[in-house]
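Take a look at the structure below.
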Amino acid sequence: MTVSLLLVVVCAIAAAGYLLGRSRARAASGGDTRKLHSLIGYHGQSVLLFSAVPALILMGAWLILQPMLIEGRVAGQITAADIPEGGSPALVMSDVRRIAEGLDLLGLDAGEMAALGADPAQAGARLAQAGIALGSEIRPNVLAAALDYRRIADGAGLAMTVAVIAAALAGLALSLRRITADYRARNVSERFVLVLFIASSLVAVLTTFGIVASLVVESVHFFRLYPARDFFFSLTWNPQFRGGSDLGIWPLLWGTMYVSLVALLLAVPVGLMSAIYLSEYASGRMRAMVKPAIEILAGIPTIVYGLFALVTVGPFLRDWFAQPMGLGSGSSSVMTAGLVMGIMLIPFVSSLSDDIINAVPQSLRDGSFGLGATRSETVRQVILPAALPGIVGAILLAASRAIGETMIVVMGAGAAAKLDLNPFEAMTTITVKIVSQLTGDTEFASPETLVAFALGMCLFVFTLGLNVIALYVVRKYREQYE
Amino acid sequence: MTATAQTAAAQTAPPRRSLTVLDARTRRRNAAEARFRLFGLMAIAVGIAALFILLASVLANGAGSFRQTFLFLDVHLDEKVLDKSGTRDPEVMNKVTTIGYGKIVDAALKDAIAKNGIAIEGLTDKDVSDMISKEAAALVRDRVLADPTLVGQTIAVKVLANGRIDGYLKGRVTMDSAERDSNVSPNQLRLADAMIEKGLLVKSFNWGFITGPDASELRPEAAGLGIAILGSAYMMLVVLVLSLPIGVAASIYLEEFAPKNRFTDLIEVNIANLAAVPSIVFGILGLAIFINFAGLPQSAPIVGGLVLTLMTLPTIIIATRAALKAVPPSIRDAALGVGASKMQAVLHHVLPLAMPGILTGTIIGLAQALGETAPLLLIGMVAFVRDYPAAPPEGFFDPAAALPVQVYNWTQRADPAFVERASGAIIVLLVFLMVMNAVAILLRRRFERRW
């Protein structure tokens, strides 16, 4: 039975449970529903929840665990000799999975399948006809493993169907039996719903846990293959897919910092000044028109900025600045990525600083005007010092954004990892290298791909650190006026 | 009196004080004030100009992709080539490849050139056949296989012109660049000019760009967004179905029920931090957990949808909590006062009143998710996909592209025609985003209540 059909069955059982629960409650009341503790709808709801939710949880867990358990059992059949040179057990396992799926597609009966299982060459030919491309010839052990995989998967699929339906029916029967006139169905189902709410709010915690776990596990993996000292202190980045790579983080870190610096040098003055102008000088009408226009910039996806960098800004900077000044000849450069990223950050800085400037009490402004200060003197000598912690927080948040930004640098900054001061030279960043080392690759066996997780770990730690500091600074500042 | 004495006198004389004449210090202060104001205006001008240039450059580069150059040809479907057996059996006719059809289409073009009396000196056969997109033969083939009775007849077809010829009509290719380009010759451009005159070569609206699948590196003229739009739509469906219930449930718990303790603090801190985690890290999570650990297929909309769900959740939770907070306590008190349970007060009274705010937040979250690219690169959405995914729910597991990733994909190709395509795809993406944001604004205007 397919998963979607099973879902429909479970839902049908739950719906039936709702109706049964209602009618049973009505029967328990002896015709006068006022005698019940809860409205009949709550009786129905409690049966519905008890029959659907445990069954669905069981199904979800089964679907996640099944492939792992089966692989664990099948893996024993594959010997070291079956793993081709330069391959890995994981690679062979994915072949096993692909062959098993392909055999399913062929739609053979048991006899034909057994015949095919004895003849790997024939099996390979049939699979190729069905459009399953396999890297190399099928080895007998791999084919046997695939056949086993199929057999166990079939059996497990049947077992899951039975188990899930049994769970749904058991939940239905148990909750139905509990219905009496005095049964507190409302309290029970409300408690159940509350538990579901709490579980939902735990998704955020689970996500963080998942992020940290996947980064840490694979990073540890990486540091086992590649010395941590070289990663953190080497000044060259030169991955070789044949081995013997230099994977020092410094060139990437330098590129990241340089691009972010250029971005902040554009975004902070422009964003801050426009926030000041809009909150201290602009008329209501101008504010109503300009503020949304600047906020449009915040709603534009980063891929658009990336294309803008690639197609417009890059060639412009190359033709008008880099080449005439003899500083470079490529359109990808730190300047390109930095300027475009700066544009992206303008609304971010300006809306954050706008909030902070507006939070400065009016009495401070009035006091300053009363002493004869002009508007700009008030801004510079009263408002900005009062808002400084908040603005520092905003800049830190913007910096964290800049460090984590990917598409603009992927399309604008280039791919050459070097330590250079020339802003018109192509450099690369941590995020660019995460993308280029991981794109289209899921077999994490070599340090060249695993390094992406260590880079991701660094990125995560940097941005998290910046955010925590920024929030701390902002919170501390808020306490002064509230 | 000497000049020096004069200045000395002026210096020693007390400065004239008058309310109508500004002294030097006031003038300096006023100048500083004007300067500061000017800086503010300049900052705003930079912001607005950046927005304007950004949109203008995308529009200018991409508008062309919606119109494409087509050739109108009368193709004679020669039985001798297409169906030697004469049985009209699709099985047999299937053996004739696009090469066979290509020859027929080439012949039709030569025919049309001769019929219209176009003569270009030094025009080779290769020049003529290269006028037509490689996609044209496949198009004619599909049409014939769908209706074998057409064989032997002459049908009028509208086929794509080669990308370079299209570029010539759009000004991307010129006579000068054609001299240096091995993919197009000046003779072809002269031929194109003559054909335009006779009405054989026409630019018209290109539905294939919006509905068609992606095409290979060599035929930019045929590349379309169909699969990318479908893939993005599937992902948005997954995001909506998962993130709205989970987000609302989580916010109700945190806003209405959660006691103030360590545990709820932990959740709050987590949500705040997740909102600031770089999107690429979510891609790493998707790759490690959903693909490698849970064994979901690569480049499938389900994985993209799950990753984007996790990214969108903080946005939705923050918006929902704000909406719940905006419902005044009197509503809750009144419900509790007439005997409702806490859960009834929230679900029956507070939640419906907060719904417009929640939906607005959800749409904005979806719009963010729609434009997100980086995490999708890591989970394999960059793969070249030419088959439309099946209908949901099976289609969620089929390989598909995504709109922003398709843009990235096209920018990585060598032919400059793909830059136009990428900009065109961005226009489509921006139109979707604009519609979503407009709906969000409308919802807010129409249903928002001020208490």
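The numbers here are math on the coordinates, done by the rules we state, and not lab data. On a predicted model such as this, the values are computed, not experimentally measured, just so you know. Positions of Cβ are backbone-derived with ideal geometry, glycine not excepted, and every protein chain shown enters the neighbour counts.
In whole angstrom, segment A:1-51 maps to an equivalent ellipsoid with semi-axes of 28, 9, 5, each derived as √(5λ) from the alpha carbon gyration tensor and ordered largest first. Relative to the compact-globule estimate of 2.2 N^0.38 Å, the Cα radius of gyration of the protein assembly as shown comes out at 1.13. How about B:Lys260: which aspartates and glutamates have a C-alpha closer than 15 Å to its C-alpha, ignoring those fewer than 8 places off in the same chain? Those aspartates and glutamates meeting the cut-off are B:Glu268.
How would you order B:90-103, A:158-171 from highest to lowest mean count of nearby Cβ atoms within 10 Å? Numbers along the way, then the final one.
Working: B:90-103: 14.1, A:158-171: 17.1.
The peptides rank, most packed first, as A:158-171, B:90-103.
Under the membrane-span-like helix rule (DSSP H runs whose alpha carbons stretch at least 15 Å along the helix axis, mean Kyte-Doolittle hydropathy 0.0 or higher), chain A yields A:3-28, A:40-74, A:89-106, A:140-177, A:185-225, A:250-276, A:284-299, A:334-359, A:384-404, A:447-481. Per residue of peptide A:291-301, the mean number of Cβ atoms on other chains within 10 Å of the residue Cβ is 5. The value of relative contact order for chain B, using C-alpha pairs under 8 Å at least six residues apart, is 19 percent.
B:Pro399 sits among other residues whose Cβ lies under 11 Å from its own Cβ, and their net charge, with Lys and Arg +1 and Asp and Glu -1, is -1.
Per-residue ellipticity at 222 nm computed for chain A from its helices equals -24500 deg cm²/dmol, with DSSP H segments shorter than 4 residues left out and the rest contributing -39,500 (n - 2.57). By the count of other C-beta atoms within 10 Å, a proxy for reagent exposure, A:Ser331, B:Ser85, A:Ser350 are ordered fewest to most as B:Ser85, A:Ser331, A:Ser350.
In peptide B:364-372, what is the residue-averaged number of other protein chain Cβ atoms found within 10 Å of each Cβ?
That works out to 2 on average.
Footprinting exposure proxy ranking of A:Leu397, B:Leu22, fewest other C-beta atoms within 10 angstrom first, gives B:Leu22, A:Leu397. Packing around the peptides A:398-411, B:118-131, B:219-232, B:158-171, taken as the average count of other Cβ atoms within 10 Å per residue, puts them in this order, highest first: A:398-411, B:219-232, B:158-171, B:118-131. Once a ≥ b ≥ c are taken as the square roots of the eigenvalues of the Cα gyration tensor of segment A:237-481, is the result rounded (a/c under 1.5), prolate (a/b larger than b/c) or oblate (a/b not larger than b/c)? In terms of gyration-tensor shape, prolate. The mean number of partner chain beta-carbon atoms within 10 angstrom of a residue's beta-carbon across peptide B:269-275 is 6.
Quick one: which of A:253-261, A:145-153 comes out on top by average Cβ neighbours within 10 Å, and what's the full order, highest first?
Sorting A:253-261, A:145-153 by mean packing, highest first, produces A:253-261, A:145-153.
Panel order for A:Phe232, B:Phe432, by other beta carbons found within 10 Å of each beta carbon, from fewest to most: A:Phe232, B:Phe432.
Annotation for segment B:372-387 versus segment A:1-35: alpha-carbon center distance of 43 Å. The Cα atoms of segment B:45-146 give a gyration tensor whose axes a ≥ b ≥ c have a/c of 1.5 or more with a/b no greater than b/c, which makes the shape oblate. Mean residue ellipticity, 222 nm, helices only, chain B: the sum of -39500 (n - 2.57) across DSSP H runs of n ≥ 4, divided by residue count and rounded to 500, is -19000 deg cm²/dmol. Given B:Lys115/B:Lys203; B:Lys95/B:Lys198; A:Lys291/B:Lys170, which pairs have Cα atoms separated by over 25 Å? From the list (B:Lys115/B:Lys203; B:Lys95/B:Lys198; A:Lys291/B:Lys170), the Cα-Cα distance tops 25 Å for B:Lys95/B:Lys198; A:Lys291/B:Lys170.
Normalised by the number of residues in chain A, the mean separation of alpha-carbon contacts (under 8 Å, six or more apart) gives a relative contact order of 16 percent.
With axes computed from alpha carbons, what is the tilt in degrees of helix B:135-146 against the longest principal axis of chain B, rounded to the nearest 10 within 0 to 90? Taking Cα atoms only, the helix is inclined about 70 degrees. Using the Cβ of B:Gly64 as centre and a radius below 12 Å, the other residues enclosed give a net charge of +2, where K and R count +1 and D and E count -1. Just report the Cα centroid separation between segment A:211-287 and segment A:318-360, whole Å. Cα centroid of segment A:211-287 versus Cα centroid of segment A:318-360: 15 Å apart.
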